[in-house]
Each structure stands twice: as structure tokens, then as C-alpha cells.
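Worksheet: one structure, shown below.
The values are calculated or read from the model by the stated rules, or taken from the named source; none is laboratory data. This one's a predicted model, so the numbers in the text were calculated from it and none came from an experiment. Here Cβ is always computed from backbone atoms with ideal geometry, including for glycine, and neighbour counts include all displayed protein chains.
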Amino acid sequence: MNFTHLFTAIFFLLLSITTKAYDLDALSHHEQWLRLLHYNTESDTFYIKSDGFYFSAGDVSARRELSLTIHNLSRNPNLQCKFPARTRWLKSQGIKLPKKPICNKFETWKKAESVDSVSLVFASGYMSNPASLYGHMLLKFNKSNTYGTHLLDHSINYGALVPEQENGVSYIVKGIFGGYSAGFSDQLFYTHHHNYASTELRDLWEYELSLSESETKFLLEHVWELIEQRFDYYFIDENCAYHIAKVIEVVTGKTLTHNLTPWVIPSTIFKKLSSARYQNHPLVREIKYTPSKSSEFHRSYTLLSEPLKELVGQLYTQPALFEDDKYELLTIEQKKHVLETLMSFVQLKITEQEGIEFHQSLKKKLINYRFKLPIGLTTPSNSIKPNVSAPHTAQNASKLSAGVLSSHDINAATLGFRLTYFDALNPDTARVKFSNLEMIDIELEVNNKSQLKVRKLDIIDLESFNPSYAETLPDGNWAWQLNVGFQRSYLDCHSCYFGGLSTGGGYSKRVKTSSIIYALANVEIGKNEHNWRVIPGIELGILSRVSDKLAFRSSVKSDFNSDPILNFEASFQLNDNNDLRLIFKQQNHNEVQLVFNYYWG
Amino acid sequence: MIKRFLAIAVLGTVTSQSAQANQVNPWQDCGIGAMVFPNNGAAAAVSNIIWDLGTTAISTKISSAEDCSGTNVKTAMFIKQTYPSLEQEIAQGEGEYISAMLSVRGCDIASHSQIVAAVRGDFAQQATRTAEGLYNLVEQNIATDFTRQCSAS
């Protein structure tokens with residue numbers, strides 16, 4: 001036996017004595033150890049796929065990883081700089097490790113973070129990108145307010161590594177079924193604030209967590225371990241909400257991700273977060289709202305008097321009126337308010353790529369007029385109170401339905417299931433008003449002829465009516481819809497089906513605060529029982545939220561080949577998780593359905 | 001995206017020269033002028049993912065190793081990325097973005113209102129306003145009147 005072998009044998013002998021003293025088996029099953037390793041208890045696998053995170057790579061197990069971690073951190077103390085959270089936890093369990101060396105890189109990074117508290121941030125849903133329909137979630141380290149702004153706080157984001165020039169089909173298939181790596185990134189918050197609130201016009205909600213100083217430090221140390229590690233990305237379940245919640249779980253031990261559902265959406269995590277208690281306190285200390293540029297504009301416009309709203313509309317179409325008494329005779333505060341509102345609106349249009357040249361030119365004029373006025377805002381953005389509710393107050397996303405149906409020739413019982421998320425008649429609390437976002441929505445009927453039939457199967461059903469909230473400006477009023485699915489072609493034919501894609505666009509107008517009328521031109525492309533078909537059509541309708549509990553939608557739809565079909569659906573909210581629907585349809589014959597919905601998940 | 005990576009590559013290759021010269025023009029020397037930031041919904045749909053990955057040089061963990069990382073370069077990045085908001089806030093004479101920009105530049109909070117007023121006066125006189133023009137005005141005003149209130153670049 002040479003000297004090296006002798007040394008190794010002695011080392012492992014000492015290690016085995018040490019580990020026996022600390023009951024390696026028990027420690028390797030410790031919940032916090034498993035969380036630190038990002039261990040999937042259900043599948044007995046590990047989430048992190050990159051080299052360098054697990055010492056036992058190739059044959060990873062919690063026990064082997066614990067043994068090798070103690071071994072490596074003892075033999076090479078510099079590795080404690082790479083794994084500061086593991087080091088802290090091992091020491092807290094009584095395991096003696098060499099003194100932690102000075103970790104320059106980590107200390108520089110930690111100093112830059114200089115964290116006071118931690119928030120989870122929710123960016124509200126964004127109807128223009130399918131991957132953002134459900135909203136986004138990120139982690140924010142709040143600094144002591146030495147800069148006087150939260151824009152320079154550090155934020156930790158999780159997302160998929162999507163190659164440049166990726167095509168849409170591949171994006172969807174790999175996003176859902178796997179194929180992308182994913183990881184955490186570390187950026188100053190202004191990057192996300194500008195991207196979400198200013199570019200994508202999404203409101204932000206910050207949920208500040210009630211963590212102690214040492215817990216915050218531990219979280220920071222664990223995030224350091226995770227940056228640059230790679231995970232597999234799955235849009236449905238192992239997404240941003242899931243893995244950021246997992247990071248919080250490492251510190252709090254509170255399970256935020258365990259669910260009856262095999263999918264994870266950010267609002268569900270925020271629901272659990274808001275009801276969780278930790279160390280005898282609510283886990284969420286404070287909820288803070290940051291309005292998007294769109295919300296800022298609408299707030300500013302709403303605060304204008306009616307004559308000033310008229311003037312804003314006139315100035316937008318005839319900027320020469322800035323030299324007219326109508327503008328000149330306003331007070332300085334009124335001028336400021338008018339200009340702020342118009343600047344916000346024009347910037348919105350630039351962001352939405354509408355009439356770029358006109359709006360750039362107008363913005364320059366507005367800024368020139370603003371320079372002539374004294375410094376100071378009339379409506380500071382931090383004074384804007386949300387006119388929408390926080391995401392955790394939204395209705396549950398999944399739905400089970402049971403109903404009865406009667407038509408001219410059959411009576412039936414109906415059963416339904418919807419995976420996510422909301423329809424246009426669901427409460428619009430924490431949702432985009434006058435919109436519909438449903439995925440995997442199926443309805444079956446068992447009729448009095450003992451037949452079991454699929455009444456409809458929507459893979460995806462999107463509608464955005466986007467009505468204007470600023471009557472004197474060309475804001476919104478365009479509507480669109482997209483449906484991929486399978487449904488009956490005609491009301492009076494129980495064996496006539498059409499499957500494919502339906503899409504349309506058109507106009508909507510707000511007639512009262514809570515009602516809109518709309519007109520859509522649409523086209524259906526797909527296959528019926530016999531042929532592939534392209535069917536143009538139109539739809540006229542009204543959508544109204546009569547009260548907090550009552551909403552209805554009525555429409556007439558025609559494809560020019562068959563008789564128009566009249567649809568009426570009213571929703572009565574029984575409580576947070578239940579509603580009743582009365583559905584009436586007419587096309588040569590009548591069909592009436594009463595449905596009870598239960599919302600869960 | 002290609003432009004962004006080229007810019008980052010430029011950022012990496014010119015830094016040693018810049019450090020030697022000690023007079024970095026971030027727009028030209030660090031490639032910030034060529035960087036592309038999202039300014040519309042369609043671009044954001046893609047760049048949202050890009051930004052979410054930490055693949056850019058702005059990541060604090062990565063950029064600490066970059067030479068082209070002085071406060072003036074960070075300020076230039078900030079201005080380039082958030083210019084539409086900054087332009088409006090400077091016209092109004094106050095705002096969260098302009099305050100954050102001056103903090104990135106290393107200026108005392110107490111001096112922000114004075115610096116903003118000075119920059120605002122000069123910016124109002126410019127016939128053509130750009131992000132680079134704003135950056136130059138900020139640096140000029142700091143160099144002439146606010147050296148003690150702001151850190152060296």
C-alpha cells in the first residue's frame with residue numbers, strides 16, 4: 001500500500017466515523033436537504049440537469065450526494081463558496097466543516113444584492129403571447145432603500161432557453177412536451193419592470209414575504225447555487241411558477257406546489273402563498289401594485305374633467321389647437337394633466353406599433369410643450385390605486401360541470417371538464433376584462449336514447465374584446481377570437497360535427513361601464529363528417545356584467561349557408577367556487593340547458 | 001438577437017482598449033448603440049424569453065467580470081433600454097426612471113433634482129433627441145457641475 005492509498009483509507013475511515021455520528025441516512029432524508037437538491041419525491045428524480053450541481057452526477061441519490069458533499073466541502077473548502085446554502089445547512093445539522101474561506105465572487109454579488117426583504121412578483125396575463133396568457137412570476141430581492149427606487153433591486157427570473165428563429169410549431173410542441181433547457185437569471189428589476197409594465201403593458205403585483213434576516217440570507221445563498229444551472233422546461237407543470245415556488249419552499253418548508261392538478265399556473269401559487277402561515281404569521285407581509293403604462297394612461301384619463309377629455313381628443317387629432325385659447329387659457333396644472341395623458345396615450349400607440357410616424361411626431365410636439373411648463377407631475381404613478389384585484393383573489397381555474405338539457409327530440413344529462421382558465425362570464429377579478437381564455441374544455445352528453453356523445457372539445461378558446469376606456473381617443477375597440485376544437489355543426493343535427501380552427505376579428509364598443517356590444521367577421525377552416533370546408537361567417541353580440549353575481553352574453557351567428565343560430569347564456573354566481581348557467585340556443589328548434597359549475601384547482 | 005450577441009462580443013473585445021484609454025464611449029466602444037431592446041409587443045414576445053434566461057451581459061453575476069462595466073456604461077445601458085420612459089420623465093422633470101438612472105450613475109439622491117433640472121434645460125434645446133444624446137448630456141452636466149455629487153465613471 002503506497003502513501004496515497006493509506007491516506008485515502010484513513011480519510012474514508014474518519015469520514016465514516018463522522019457520518020455515523022451524524023446519521024447520514026436520517027440526514028439524507030431530511031426535507032430541507034431534499035429541497036436543497038431539487039429532488040422530485042414523486043418520480044425519485046432530480047430536477048437539475050447541468051453538470052456541476054451534483055457531486056454524485058451520473059448516479060445521483062440524496063444519500064450519495066450528502067456523503068460526497070461533506071467529503072468534498074471538507075477536502076476542498078473553496079467549494080463552500082459554490083454551495084453556501086448547503087454549507088450553512090450542513091453546519092446547522094452539527095456537521096463540522098473546515099472554516100469557510102473568503103468567497104470574493106459570492107461576497108461581491110451578495111453585497112450588490114444587500115437585501116432587506118424578498119418578494120414574489122406576478123406579471124399579469126398578456127393576451128398577445130400564448131406563453132404569457134397565464135401571467136409570469138419572478139423573485140425580487142428588495143434592497144434597503146438607499147437608491148430611493150425599487151427599479152435597482154435584483155430580480156431572479158426563470159425561463160426556457162429558446163433558440164433564435166424557432167418556429168411556432170416547434171415552440172409549442174417543445175414547450176409542452178419537453179425539449180428546452182431552462183434556468184434562472186439575475187438582472188436588475190428595471191429590465192423586467194420596463195419589459196412587462198412599459199412594453200407588454202402588464203400590471204405587476206409584488207407579494208413581500210415575511211422572512212427573517214437569516215432566512216433571507218439563506219435564500220440568497222441558495223439562489224447563488226442555482227444561477228447558471230440548467231433544468232428541463234415544461235410549460236404545463238415545470239414552469240416559472242413551479243421552480244420559483246420550489247426555491248421559496250427551500251426556506252419556508254411550506255409546500256406551495258403540491259396540488260391535485262398536474263399543471264401549475266402562477267395565480268394558483270399566489271393563492272397558496274396568500275393563505276399560508278409561517279412562524280405564526282401570514283407568509284405574505286405586504287402586497288404592492290405597480291400599474292402598467294396602460295393602467296397609468298387610463299387612470300390619468302379618468303381623472304380628467306369631461307371638457308378636458310373632449311379637449312384631449314381634439315388636441316390628438318388637431319395638434320394646431322395647442323396654439324388656440326382652448327389650450328392656452330388652461331391653468332398650468334390642467335395643461336400638465338392634458339399633456340401627461342396625451343403623452344401616455346401616444347407612447348401606448350408607439351408601443352403597440354400603431355401609426356409610428358404620426359405618433360413619434362406627435363410625441364415630440366407634446367414633449368416640446370411639456371418643456372415649456374414647470375417641473376412636476378399632476379398624477380404621480382405611485383398614487384394610482386389598482387382598479388383590478390390582486391391575482392390571489394381570482395376564481396379557481398379548473399372546472400367540473402354537471403347539467404341537464406332539453407331539445408325538440410332529446411333530453412340529456414351533460415358532464416363537463418375544463419383544464420383552465422376562465423370564460424367571459426366568470427368573475428373578472430384579477431382577469432383581463434371582456435376576454436375568454438379556456439384550454440382543454442370538454443362536454444359530454446348521455447341522452448334518453450342511451451347514447452354517449454361528445455358535445456364539444458375545445459383545445460383552446462381565446463377571445464379578447466378589448467373595448468375602449470377613453471371615449472374621445474382612438475383607444476382599443478378591436479376584438480379577436482381564436483378557437484381550435486370540435487363541436488356540433490347544427491343545433492338540430494346530433495350527428496353533424498365540425499372540427500378545426502375558427503378565427504375572427506372585428507369591433508367592440510363599451511356601452512356602459514360593464515357592458516359591450518361587438519361584431520366579428522370570422523372564418524372556420526376544418527372538416528365535417530364528409531369534407532374539408534372553409535366557412536366564412538359573422539357574429540353580433542352583447543356581453544354584460546349586470547352585477548357581481550350576474551352576467552350574460554347573447555349573440556347571433558350566421559355562416560350564410562344555414563339558418564342563423566341564437567345563443568344566450570346567463571351566469572349566476574352562487575359563491576366563490578360555484579355558479580349556475582342557463583343556456584338557450586335556437587336554430588329552427590330550441591335547446592335549453594341548465595348547468596352547475598364547480599371551480600377548483 | 002444576432003445584433004445583441006454581436007454587441008456583447010464587441011463589448012467584450014473592446015474593453016481592454018477602453019480601459020487603457022480610460023475614456024470609454026459606451027455607445028461606440030461598448031457596442032450599446034447596436035444593442036436591440038424590445039419596443040413592441042411582437043418583439044417582446046420573443047425577447048421576453050431571451051431576457052428571462054440570463055444570457056445577456058447585464059446579468060450581474062456575469063458582468064462583474066466584464067471590463068466594460070463602469071457606471072457610465074451601466075448608465076448608457078439603462079438609457080438605451082428605457083429611453084421612451086426617460087424622455088417623458090425628463091420633460092416632466094421627475095420620475096422613477098430618471099432617479100434610477102442617476103443612481104446607476106452613482107449620483108447622490110440629494111443632487112438628483114438639480115441634475116435633472118440642468119439636463120432638462122439642455123435636453124429641451126436639442127432639435128433631435130436620442131438616447132445617445134441624452135447620455136452625452138448627462139455626462140457633460142456631471143463633468144462640469146456635479147463631479148462631487150456623482151462617482152467617477
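One residue stands out among those in the stretch A:168-198 that are hydrophobic (A, V, I, L, M, F, W, C) and surrounded by fewer than 20 Cβ atoms within 10 Å (Cβ to Cβ): the one that is nearest to residue A:119 (Cα to Cα), which is A:176.
Every condition in (1) over 31 Å from the mean Cα position of the chain (by Cα); (2) among the small types (Gly, Ala, Ser); (3) modelled with pLDDT of 90 or more holds for residue A:508 except the one numbered (1).
For the stretch B:91-141, how many residues are assigned to a loop (DSSP other than H, G, I, E, B) and more than 16 Å from the chain's Cα centre (by Cα)?
The first filter runs over the stretch B:91-141 and keeps only residues assigned to a loop (DSSP other than H, G, I, E, B), leaving B:93-95, B:105-106, B:108, B:126-130.
If we keep only those that are more than 16 Å from the chain's Cα centre (by Cα) as well, we get B:93-95, B:108, B:126-128.
Here the count works out to 7.
Got a number for residues in the stretch A:362-378 being more than 10 Å from chain B (Cβ to nearest Cβ) and farther than 21 Å from residue A:199 by Cβ?
Filtering the stretch A:362-378 for residues more than 10 Å from chain B (Cβ to nearest Cβ) gives A:362, A:365.
Keeping just the survivors that are farther than 21 Å from residue A:199 by Cβ gives A:365.
Residues meeting the conditions: 1.
For the stretch A:227-242, a residue qualifies if it is within 12 Å of residue A:156 (Cα to Cα) and surrounded by fewer than 22 Cβ atoms within 10 Å (Cβ to Cβ), and the qualifying residues are A:227, A:228.
Note on the stretch A:268-337: enclosed helices (runs of 4 or more DSSP H) holding 3 or more residues that are modelled with pLDDT under 95, crowded, with 19+ Cβ neighbours inside 10 Å and within 14 Å of chain B (Cβ to nearest Cβ) are A:293-302. Scanning the stretch A:156-203 for residues that are polar (S, T, N, Q), over 14 Å from residue A:122 (Cα atoms) and part of a strand (DSSP E or B) yields a count of 3.
When A:467, A:536 are screened for being within 27 Å of residue A:341 (Cα to Cα) and not hydroxyl-bearing (Ser, Thr, Tyr), only A:467 passes. Sub-6 Å Cβ pairs linking a first residue in the stretch A:197-208 that is assigned by TED's automatic domain parsing to the domain that holds residue A:270 to a second residue that is of a type in the set (Lys, Arg) and at pLDDT 85 or above, at least 6 apart or interchain, are A:206/A:288; A:208/A:285, ordered by first then second residue. Of the residues making up the stretch A:74-113, just one is part of a loop (DSSP other than H, G, I, E, B), surrounded by 13 or more Cβ atoms within 10 Å (Cβ to Cβ) and either in contact with a strand residue (DSSP E or B) (Cβ under 7 Å, 6 or more places away or on another chain) or of a type in the set (D, E, K, R) (or both), namely A:100. Residues considered: B:79, B:90, B:142, B:98. Of these, the only one that is buried (at least 19 other Cβ atoms within 10 Å of the Cβ) and touching a Cys at 6+ places or on another chain (Cβ under 6 Å) is B:142.
Please tell me if residue A:410 is touching a strand residue (DSSP E or B) at 6+ places or on another chain (Cβ under 6 Å), modelled with pLDDT under 95, farther than 30 Å from residue A:237 by Cβ and surrounded by fewer than 20 Cβ atoms within 10 Å (Cβ to Cβ).
Working: touching a strand residue (DSSP E or B) at 6+ places or on another chain (Cβ under 6 Å): yes; modelled with pLDDT under 95: yes; farther than 30 Å from residue A:237 by Cβ: yes; surrounded by fewer than 20 Cβ atoms within 10 Å (Cβ to Cβ): yes.
Considered against the rule, which asks whether it is touching a strand residue (DSSP E or B) at 6+ places or on another chain (Cβ under 6 Å), modelled with pLDDT under 95, farther than 30 Å from residue A:237 by Cβ and surrounded by fewer than 20 Cβ atoms within 10 Å (Cβ to Cβ), residue A:410 comes out as yes.
Summed over the stretch B:84-113, residues that are more than 21 Å from residue A:365 (Cβ to Cβ), within 9 Å of chain A (Cβ to nearest Cβ) and hydroxyl-bearing (Ser, Thr, Tyr) total 4.
For the stretch A:293-352, filtering for residues that are more than 34 Å from the chain's Cα centre (by Cα) and of a type in the set (S, T, N, Q) leaves 6. Tell me, yes or no, whether the stretch A:556-563 has at least one residue that is at pLDDT below 95, in the same structural domain as residue A:486 (by TED's automatic domain parsing), buried (at least 16 other Cβ atoms within 10 Å of the Cβ) and not in a strand (DSSP E or B). Checking the stretch A:556-563: at least one residue is at pLDDT below 95, in the same structural domain as residue A:486 (by TED's automatic domain parsing), buried (at least 16 other Cβ atoms within 10 Å of the Cβ) and not in a strand (DSSP E or B).
For the condition more than 12 Å from chain B (Cβ to nearest Cβ) and among the hydroxyl-bearing types (Ser, Thr, Tyr), what is the one hit in A:212, A:155, A:181?
Working: A:155 fails: more than 12 Å from chain B (Cβ to nearest Cβ); A:181 fails: more than 12 Å from chain B (Cβ to nearest Cβ).
On inspection, the qualifying residue turns out to be A:212.
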